[in-house]
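These notes concern the structure reproduced below.
The values are calculated or read from the model by the stated rules, or taken from the named source; none is laboratory data. Since the structure is predicted, the reported quantities are computational estimates derived from the model, not experimental observations. When we count neighbours, we look across all protein chains shown, and the Cβ atoms used for this are built from the backbone with ideal geometry, even at glycine. Ligands, DNA and RNA are excluded from the accessible area calculation, which covers all protein heavy atoms including side chains. Shrake-Rupley method; radii C 1.70, N 1.55, O 1.52, S 1.80 Å.
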Amino acid sequence: MLPKIHLLFHPAAAFALATATMPTARAQAPLPDSPAIERQANAMVARLSLEEKVDLLGGTDFMYVRAEPAVGLPKLRLSDGPMGVRTWGPSTAYAAGIALAAAWDPTLAERTGAAIGEDARARGVAILLGPGVNIYRSPLNGRNFEYFGEDPLLAARTAVGYIEGVQSRGVIATVKHFVANNSEYARKKASSDIDERTLREIYLPAFEAAVREAHVGAVMASYNRVNGVYPANSQWLGADLLKGEWGFDGIYMSDWHAAHDGVEAANAGLDLDMPRGESMNRETLLPAIKAGTVLVAAIDDKVRRIFRTALRFGFLDRDQTDLAIPPYDQQDRPVALEGARASIVLLKNQDAVLPLDPERVHTLAVIGPDAWPAVAEAGGSGNVVAFDPTSILKAVSDFVGRGGRVLYSPGLPAPADVYYNSVFDPAGPNGAIRVEAFANADFSGPPTSVKYEERANQAKNNVGDAKSVRFTAHFTPPKRGDYLFLAQAKGSDTYVLYVDGREVIHQYRRESQAPAFASVGLEGGKTVEVRLDFVPGDEGDMARFGVVAADAVVPANVKKIAAMADAALVCVGFNSDLEGGGDNFSGGEGESYDRTFSLPFGQDVLIKAVAAANPKTVVTVTSGGGFDSRAWLPDVPALIENWYLGQEGARALTEILFGLRSPEGKLPITMENSWADNPVHDHYYPEGGMTSADPHVKYAEGVFVGYRYYTTSGCRPLFPFGFGLSYTTFAFSKLSVPATGDSDQGVTVTVEVSNTGPRAGAEVVQLYVGDPSARVPRPVKELKAFEKIRLEPGMSHRVKFHLGRRAFAYFDSTAHRWRVDPGRFVLYVGDSSEATPLTAEVRLDR
């Protein structure tokens, strides 16, 4: 029997614990700009030779800003880490960016940033490479988990809180990736082609708020091109917009190896070429300075910005390493836990399956690949090696203790087991698979060698310097049904898997990749040819494939365990190898590949099998965004979006599963029914195909991204932006809006929210604005204000919003300014983009 719960964990208590334990004495916020700092920076610049100045424009030792002893500038350490301090060993792992956005709580973002700042100080990190604020445009983007969702206001408010927290601890925050880095596929050469209005309204506001409000110390230029020009080399983005219009006075750095032409970059405003001066160096810049194509004043400005920022943050006056801060700081753990608690989104709770009742649930089955080991973070540069991450299995088992039973199974075979155990028809003398090596990359002409192997594995290693390898096998299914074909390579390898001549999987060239699979219906006893055409990439040297019957993917014991339990918890989704991270062969820490909309191999089948065996099945999904649930969601009574919750995530999830607290997360994204429903579906990949030599991605949806499209088009999403269920209920009332107003003065709106349910909980009051009088097409609703409120049962709270001019404006691309068209505006208040029960109108004369 599970333990009886005697205490309801109150959200306010968590807030008090987190804030009470946050350190205050260690804080060392940056100094404001002052004439004294400017005089000192100028004096430092004047003491250096031109060659010394140019040297400072390139990083050193991969993760450092170069020291300059002549003026007292120390070597400044950098670190990856939007979710924690990643680069310098294990650290506290916090909720990922998408999860932090799901909390809809800028104050929590600030506390999280402050805790990460403390961790940075403990490791001597001066510059933290975060936060990432690229907009969630598509669920396929492999690094969505790092970012703050699809709405520019929510992203901006979360980013400002995070940055202010980090910098309050004497650490420079770096807002990235500037700008329109909204996919990982071909990220180093693709051009994001976007009109100015869409850039200004959707993709730039979070960066603008980071600069103008949070006074972020550094901005990172992205890999991708924008309208054909790399941001590091874009005069308009760097010099005109960032430094000119927005008044940015910090350090504008490149992403690693993202500066291309040193002269162009220097004139476009780039200050720091990372990780070393590959483009901005003596060989490139000194001749340009002599020729007058780069001005000495421009070089001085760049060096001055480095010195000014170092002076503001006190790096010349103290050691950045604070030895008094424990590397595994127990004062940070309540913040990590609260971030996880506030982020979990309950998406479905049919017949009130949740919370689980300890009086009725004596045996719980925990099943799935994400149940154990812990999946604290996704991969790539956003991955943090946590000191002590807890798995869902362990957290649930620790909670249950000896009062009940927790049964466990991973539920699915590992991909490596599928490759190893796949049985193909006998063929050659030494194996079932014919392996042909070619001296070219297009499989033309006779092969240079032919051999037979038992399994498709380690292709390049077995065929020397082959430029391409063709694997051919034959498979005879024992019975009619669906069969899952699985294939995998690594690095920048490419391959195509064919079944009886039909292409079923196509892996295009990219920097990294995850296993891919396809379901194919086959006739029993009818032999099919399976062919893998494999082209090794720059780093890759391995390929694998296999096949398994769909109804054999889930072992019989898994179904028995599910049937034995009073309730089943299925833990599925992605992980650090499958979303934004390293490959399964080498355990690498790469990034830069997108993921599929479908869940990983076999998980749909697993969920359906468990749900068929146990009617009280709860599914938790670990992901950085939306996924395909059509195959199983109608059969599952409860669904939780788990995101990547950091090291304390499993504990937070357990509290919600067993009712110690009510879920309070709200979606920072729209979850579509199918990938085809998404407004960017037809133009997410480059025009001319994924093999284009000059890839251009057209942002043809314009400002109608995410909920802006769904609320305007009438296409209903699966779960709308802002949506999230609770164990209590809330009601909105008493909306007050003036009948007329002046956009220059702004409009004040008030509304009352009440907890009408049986227990304490949190609600997010969301205010949207529509502009039916606009002269240009505008979305029906746009989020313009929000506030998270925690209430006891029966309590009410009056929320007050002030909407400034930008809340009613759109960007006029012809006049290149923000414009308010006089006329009628509609205000919507509710708890999601689709559920806005209160509406009112205001007329603005200007």
Report summary line: Cβ pairs under 6 Å, 6+ apart or interchain, first in region 256-271 and on the phi > 0 side of the Ramachandran plot, second outside any loop (DSSP other than H, G, I, E, B) and open to solvent by 20 Å² or more (accessible area, probe 1.4 Å), ordered by first then second residue, are GLY269/ALA239; GLY269/LYS243
**Report entry** region 469-528: number of residues that are within 25 Å of PHE438 (Cα to Cα), among the aromatic types (Phe, Trp, Tyr) and within 25 Å of the chain's Cα centre (by Cα)
**Finding:** 1
Query raised in the report: Do any residues in region 760-781 that are closer than 11 Å to ARG824 by Cβ and open to solvent by 20 Å² or more (accessible area, probe 1.4 Å) have Cβ atoms under 9 Å from those of residues that are modelled with pLDDT of 95 or more and of a type in the set (A, V, I, L, M, F, W, C), where the two are at least six apart or on different chains, and which pairs are they?
Result: PRO772/VAL780; PRO772/PHE825; PRO772/VAL826; SER773/PHE825; SER773/LEU844
Requested in this report: Test SER381 against the stated conditions and say whether it is surrounded by fewer than 21 Cβ atoms within 10 Å (Cβ to Cβ), of a type in the set (Ser, Thr, Tyr) and more than 20 Å from ASP604 (Cα to Cα).
Outcome: no
Query raised in the report: For region 174-208, what are the residues that are open to solvent by 10 Å² or more (accessible area, probe 1.4 Å) and either more than 16 Å from TYR685 (Cα to Cα) or in contact with a helix residue (DSSP H, G or I) (Cβ under 6 Å, 6 or more places away or on another chain) (or both)?
Result: ASP195, GLU196, ARG197, ARG200, GLU201, PRO205, GLU208
Report task. For residues that are assigned to a helix (DSSP H, G or I) and out of contact with any Leu (no Cβ under 8 Å at 6 or more places or on another chain), tally how many sit in region 208-240. Result -> 9
Requested in this report: Filter region 397-423 for residues that are touching a strand residue (DSSP E or B) at 6+ places or on another chain (Cβ under 6 Å) and modelled with pLDDT of 95 or more and give the result.
Outcome: SER397, ARG405, VAL406, LEU407, TYR408, SER409, GLY411
Query raised in the report: Of the numbered conditions (1) open to solvent by less than 20 Å² (accessible area, probe 1.4 Å); (2) assigned to a helix (DSSP H, G or I); (3) within 27 Å of SER576 (Cβ to Cβ), TYR710 satisfies every one except a single condition; which is it?
Result: (3)
Query raised in the report: Identify, please: which residue in region 32-45 is out of contact with any Leu (no Cβ under 7 Å at 6 or more places or on another chain) and not in a loop (DSSP other than H, G, I, E, B) and is, among those, surrounded by the fewest Cβ atoms within 10 Å (Cβ to Cβ)?
Result: PRO35
Query - Looking only at region 691-703, and only at residues there that are at pLDDT below 95 and surrounded by 14 or more Cβ atoms within 10 Å (Cβ to Cβ), the one that is farthest from the chain's Cα centre (by Cα) - result: SER692
Requested in this report: Starting from residues that are closer than 16 Å to PRO637 by Cα and not aliphatic (A, V, I, L, M), keep the ones in region 317-366 and report whichever is most open to solvent (accessible area, probe 1.4 Å).
Outcome: ASP351
**Report entry** Flag for LEU735 being crowded, with 22+ Cβ neighbours inside 10 Å, in contact (Cβ under 8 Å) with a residue 24 or more places away in the chain and in contact with a strand residue (DSSP E or B) (Cβ under 8 Å, 6 or more places away or on another chain)
**Finding:** no
Requested in this report: Show the residue pairs that are 6+ apart or on different chains and have beta-carbon atoms under 8 Å apart, the first residue being within region 671-700 and without any contact (Cβ under 8 Å) to a residue 12 or more places away in the chain, the second being among the β-branched types (Val, Ile, Thr).
Outcome: GLU687/VAL697
Report summary line: Reported set for region 714-732 where residues are open to solvent by 20 Å² or more (accessible area, probe 1.4 Å) and polar (S, T, N, Q) is SER726, THR729
Report task. Residues that are buried (at least 17 other Cβ atoms within 10 Å of the Cβ) and hydroxyl-bearing (Ser, Thr, Tyr): find the strands (runs of 3 or more DSSP E) completely inside region 411-508 holding 3 or more of those. Result -> 494-499
Requested in this report: Would you tally the residues in region 544-578 being within 16 Å of PHE517 (Cβ to Cβ) and either over 28 Å from the mean Cα position of the chain (by Cα) or at pLDDT 90 or above (or both)?
Outcome: 15
Query raised in the report: Picking from PRO793, PRO738, PRO779, which residue would you name as being assigned to a loop (DSSP other than H, G, I, E, B) and within 29 Å of the chain's Cα centre (by Cα)?
Result: PRO779
Query - Filter pass, ALA809 being more than 20 Å from ASP105 (Cβ to Cβ), aliphatic (A, V, I, L, M) and open to solvent by 10 Å² or more (accessible area, probe 1.4 Å) - result: no
Report task. Could you tell me which residue of region 744-758 is most open to solvent (accessible area, probe 1.4 Å), considering only residues that are touching a strand residue (DSSP E or B) at 6+ places or on another chain (Cβ under 8 Å) and in a loop (DSSP other than H, G, I, E, B)? Result -> THR756
Query raised in the report: Among all residue pairs at least 6 apart or on different chains, which show Cβ distances below 8 Å where the first residue, located in region 408-425, is in contact (Cβ under 8 Å) with a residue 60 or more places away in the chain and closer than 14 Å to PHE601 by Cβ and the second is β-branched (Val, Ile, Thr) and part of a helix (DSSP H, G or I)?
Result: GLY411/VAL558; GLY411/VAL610
Report task. Using the structure shown, decide if VAL621 is touching a Leu at 6+ places or on another chain (Cβ under 9 Å), of a type in the set (A, V, I, L, M, F, W, C) and modelled with pLDDT of 95 or more. Result -> yes
Query raised in the report: So is VAL610 among the aliphatic types (A, V, I, L, M), open to solvent by less than 20 Å² (accessible area, probe 1.4 Å) and assigned to a helix (DSSP H, G or I) or not?
Result: yes
